[in-house]
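The values are calculated or read from the model by the stated rules, or taken from the named source; none is laboratory data. It should be emphasised that the depicted structure is a prediction, and the values quoted were computed from it without experimental measurement. Virtual Cβ from ideal backbone geometry, glycine too; neighbours counted across all protein chains shown. These area figures cover heavy atoms from the full protein model, side chains too; ligands, DNA and RNA do not enter into them. Shrake-Rupley method; radii C 1.70, N 1.55, O 1.52, S 1.80 Å.
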Protein chains: 2
Amino acid sequence: MSLRYDIAIIGSGPAGLSAALNAKIRNKKFIVFGNKDISNKLMKAEKVSNYLGFYGKSGAEIRDEFANHLEVMDISITEEKVNNIYSMGEYFALAVNEKMYEATSIILATGVNSGKAFKGEEKFLGRGVGYCATCDAPLYKNKVVTIIAYHKKEEDEVNFIATVASKVYYLPMYKEKVEVDSVVEIIYDIPVEIVGDEKVSKLVVKNGELITDGIFILRDSISPGQLVPGLKMDENHVQVDRRMKTNLDGCFAAGDIVGVPYQYIKSAGEGNIAALSAIAYVDAQKRR
Amino acid sequence: MSLRYDIAIIGSGPAGLSAALNAKIRNKKFIVFGNKDISNKLMKAEKVSNYLGFYGKSGAEIRDEFANHLEVMDISITEEKVNNIYSMGEYFALAVNEKMYEATSIILATGVNSGKAFKGEEKFLGRGVGYCATCDAPLYKNKVVTIIAYHKKEEDEVNFIATVASKVYYLPMYKEKVEVDSVVEIIYDIPVEIVGDEKVSKLVVKNGELITDGIFILRDSISPGQLVPGLKMDENHVQVDRRMKTNLDGCFAAGDIVGVPYQYIKSAGEGNIAALSAIAYVDAQKRR
């Protein structure tokens, strides 16, 4: 049996980190999945004036203060990508590439998903469309795979798939220089629609089409409804009450993912509430 | 006609200050009523570990950072006590001692009211019970007045009333040394019940009773329902939705006043939301 955490926090922006501080102070066994850079959005913010107590600081400087705070409190960020979370009743199972984690409660703090789903994406999800190339690689042995990626860091995954598939088309959606194995065919084009019958058969791009058996879409974050099946949404946001509870017992959410305004201090405040709600939930479960 | 503010913020704790930052950034005409010490509660906090970005700081040190932030942004705190707020339809009228202020929207951020109402207090409110001695002083010329105060700073008000009333009983509810004019009779006792018929006739205390024409109760903050008539409460807290809107158009609330957890970053986050909601409300009013 795998180690069971009290709380799994998914996301390392202000909401996730604020939640982590409280989990630490209350001596809970917790894990934070995210990025040691903390938040891309924060890193790029020129100047933040409305985070009470910080003045004249850039986003990157505030990020450094956050990182120092984590270090002082001995909190680390696990740089793994959570692909799916399943509610198992008493706990949640988190699929993280080839591993599984368990947690009594979860806090979703993955921010807003800027990438809109492609036409046909939801229809063919699980029928040729996937979000974790490593997980599903065995299914595409000697087949044609197309990968759409929004981050340079996905290139390792592309190279790995190229060792399994017979052919890999790669559509990089980022500006950095693309460096992948020479067997990978790089396509500089815009995805338009995913087409198929029972399963995916091709990806239509702006200037043509690619015949393919599978399509992986590697976004910064996948949409919450896809991440946690059964999660109730309010348009693009996770529906929560004022205690940051979602419709699923033991599942909480905080930050941009639950709605506007998209502001750091709002997210940090909600992370605090979500953590205290999760702690109360975990304690109640233990008493049962 | 008095100057009309876009936003009046009542309270200078983390919720009120966070709201003020946003009002400033968005160029609104606003006023913050509160205390230059910012927050008594914060001042007394030994160490705060869960305000993301601040580590190893005492409450007083965080207070200083907040004060610096206000100074850098040229935001000042008006040290006047708001006694009542009336919704006038298009705007709110704020009774502040002998003055009146007007604001299109208000943000209530006065924290939690630790003092519970005395027995009889609500019944006799306006019929001998009041919260602003200065305002109502003319009514008590040559009469007997009893003042219950929770802060040493109220002593000035006590001395003023003593110049008007025929007799002043003073019940200090604080620990500091009491320094009032010798004509004031200091009573070291615990108030129990306010009694009367049409109007107040006496204050029952633990060890006796005081025959009196009027009773002033000078708390840190009066309860929100008394401050803003018609405001919908949820037990001891102001009822708000996730955008920090109360049941009264143009009236928002944030921080401890809207409910647990009583945490600084939660309050600051809510102040941010309340300010953006108030700004949207003010802008919509102007377009009408």
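Please determine whether any residue of region A:96-107 is closer than 30 Å to residue B:23 by Cβ, surrounded by fewer than 15 Cβ atoms within 10 Å (Cβ to Cβ), more than 14 Å from chain B (Cβ to nearest Cβ) and touching a residue at least 60 places away in the same chain (Cβ under 8 Å).
no
Only one residue in B:68, B:40 is at pLDDT below 95 and open to solvent by 30 Å² or more (accessible area, probe 1.4 Å). Which one?
B:40
Please indicate, with yes or no, whether at least one residue in region B:115-130 is farther than 18 Å from residue B:193 by Cα and under 17 Å from the mean Cα position of the chain (by Cα).
No, region B:115-130 contains no residue that is farther than 18 Å from residue B:193 by Cα and under 17 Å from the mean Cα position of the chain (by Cα).
Only residues that are surrounded by fewer than 22 Cβ atoms within 10 Å (Cβ to Cβ) and closer than 19 Å to residue A:176 by Cβ: list them for region A:116-153, please.
Of everything in region A:116-153, those that are surrounded by fewer than 22 Cβ atoms within 10 Å (Cβ to Cβ) and closer than 19 Å to residue A:176 by Cβ turn out to be A:150, A:151, A:152, A:153.
Do you know which residues across region A:194-208 are open to solvent by 90 Å² or more (accessible area, probe 1.4 Å) and closer than 24 Å to residue A:155 by Cβ?
Just the residues of region A:194-208 that are open to solvent by 90 Å² or more (accessible area, probe 1.4 Å), to begin with: A:197-199, A:206-207.
The answer is A:206, A:207.
Report, ordered by the first and then the second residue, all pairs with beta carbons closer than 7 Å, sequence separation of six or more or different chains, a first member in region B:205-224 that is among the basic types (Lys, Arg), and a second member that is assigned to a strand (DSSP E or B).
B:206/B:192
Please pick out the residue among B:211, B:273, B:222, B:217 that is modelled with pLDDT of 95 or more and open to solvent by less than 60 Å² (accessible area, probe 1.4 Å).
Numbers: B:211 fails: open to solvent by less than 60 Å² (accessible area, probe 1.4 Å); B:222 fails: modelled with pLDDT of 95 or more; B:217 fails: modelled with pLDDT of 95 or more.
Only one candidate qualifies: B:273.
Does region A:160-175 contain at least one residue that is modelled with pLDDT of 90 or more, over 17 Å from residue A:214 (Cβ atoms) and not aromatic (Phe, Trp, Tyr)?
Yes: region A:160-175 contains one or more residues that are modelled with pLDDT of 90 or more, over 17 Å from residue A:214 (Cβ atoms) and not aromatic (Phe, Trp, Tyr).
Could you check how many residues of region A:261-279 are β-branched (Val, Ile, Thr) and either more than 8 Å from chain B (Cβ to nearest Cβ) or touching a residue at least 40 places away in the same chain (Cβ under 8 Å) (or both)?
Going through region A:261-279 one residue at a time, the tally reaches 2.
For the condition at pLDDT below 95 and either touching a Gly at 6+ places or on another chain (Cβ under 9 Å) or away from every other protein chain (no Cβ under 11 Å) (or both), what is the one hit in A:89, A:56?
So the residue among A:89, A:56 that is at pLDDT below 95 and either touching a Gly at 6+ places or on another chain (Cβ under 9 Å) or away from every other protein chain (no Cβ under 11 Å) (or both) is A:89.
Across region A:256-286, what is the total count of residues that are closer than 13 Å to residue A:14 by Cβ and among the charged types (D, E, K, R)?
Summing the residues that are closer than 13 Å to residue A:14 by Cβ and among the charged types (D, E, K, R) in region A:256-286 gives 3.
Find the strands (runs of 3 or more DSSP E) located wholly in region A:203-288 whose residues include 2 or more that are assigned by TED's automatic domain parsing to the domain that holds residue A:155 and touching a Lys or Arg at 6+ places or on another chain (Cβ under 8 Å), and list them. Give the steps one after another, and end with the answer.
Details: elements: A:208-211, A:214-218, A:251-253.
It comes to A:208-211.
Given the criteria of a type in the set (A, V, I, L, M, F, W, C), farther than 18 Å from residue A:10 by Cβ and at pLDDT 90 or above, does residue A:147 qualify?
When the stated conditions are applied, residue A:147 passes them.
May I ask you to list the residues in region A:76-93 that are aliphatic (A, V, I, L, M) and surrounded by fewer than 19 Cβ atoms within 10 Å (Cβ to Cβ)?
Within region A:76-93, A:88, A:93 meet the criteria.
Residue B:25 - would you say it is at pLDDT below 95, surrounded by fewer than 18 Cβ atoms within 10 Å (Cβ to Cβ) and in contact with a Ser or Thr (Cβ under 8 Å, 6 or more places away or on another chain)?
On the way: at pLDDT below 95: yes; surrounded by fewer than 18 Cβ atoms within 10 Å (Cβ to Cβ): yes; in contact with a Ser or Thr (Cβ under 8 Å, 6 or more places away or on another chain): yes.
Here the answer is yes, as residue B:25 does meet what is asked.
Determine if region A:55-65 includes at least one residue that is open to solvent by 20 Å² or more (accessible area, probe 1.4 Å) and in contact with a His (Cβ under 8 Å, 6 or more places away or on another chain).
Yes: region A:55-65 contains one or more residues that are open to solvent by 20 Å² or more (accessible area, probe 1.4 Å) and in contact with a His (Cβ under 8 Å, 6 or more places away or on another chain).
Condition check ((1) surrounded by 13 or more Cβ atoms within 10 Å (Cβ to Cβ); (2) in contact with a Cys (Cβ under 7 Å, 6 or more places away or on another chain); (3) in contact (Cβ under 8 Å) with a residue 60 or more places away in the chain) across all residues:
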site	(1), (2), (3)
A:156	no, no, no
A:167	yes, no, no
A:173	yes, no, no
A:181	yes, no, no
A:189	yes, no, no
A:192	yes, no, yes
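Taking region A:250-260 on its own, how many of its residues are buried (at least 24 other Cβ atoms within 10 Å of the Cβ) and either under 20 Å from residue A:42 (Cβ atoms) or at the interface with chain B (Cβ under 8 Å from one of its Cβ atoms) (or both)?
6
Given the condition facing chain A (nearest Cβ under 10 Å) and in contact with a strand residue (DSSP E or B) (Cβ under 8 Å, 6 or more places away or on another chain), answer yes or no: does some residue in region B:39-50 qualify? First the steps, then the outcome.
Pass one, region B:39-50, residues facing chain A (nearest Cβ under 10 Å): B:49-50.
Next, from what is left, pick out any that are in contact with a strand residue (DSSP E or B) (Cβ under 8 Å, 6 or more places away or on another chain): none.
No, because not a single residue in region B:39-50 is facing chain A (nearest Cβ under 10 Å) and in contact with a strand residue (DSSP E or B) (Cβ under 8 Å, 6 or more places away or on another chain).
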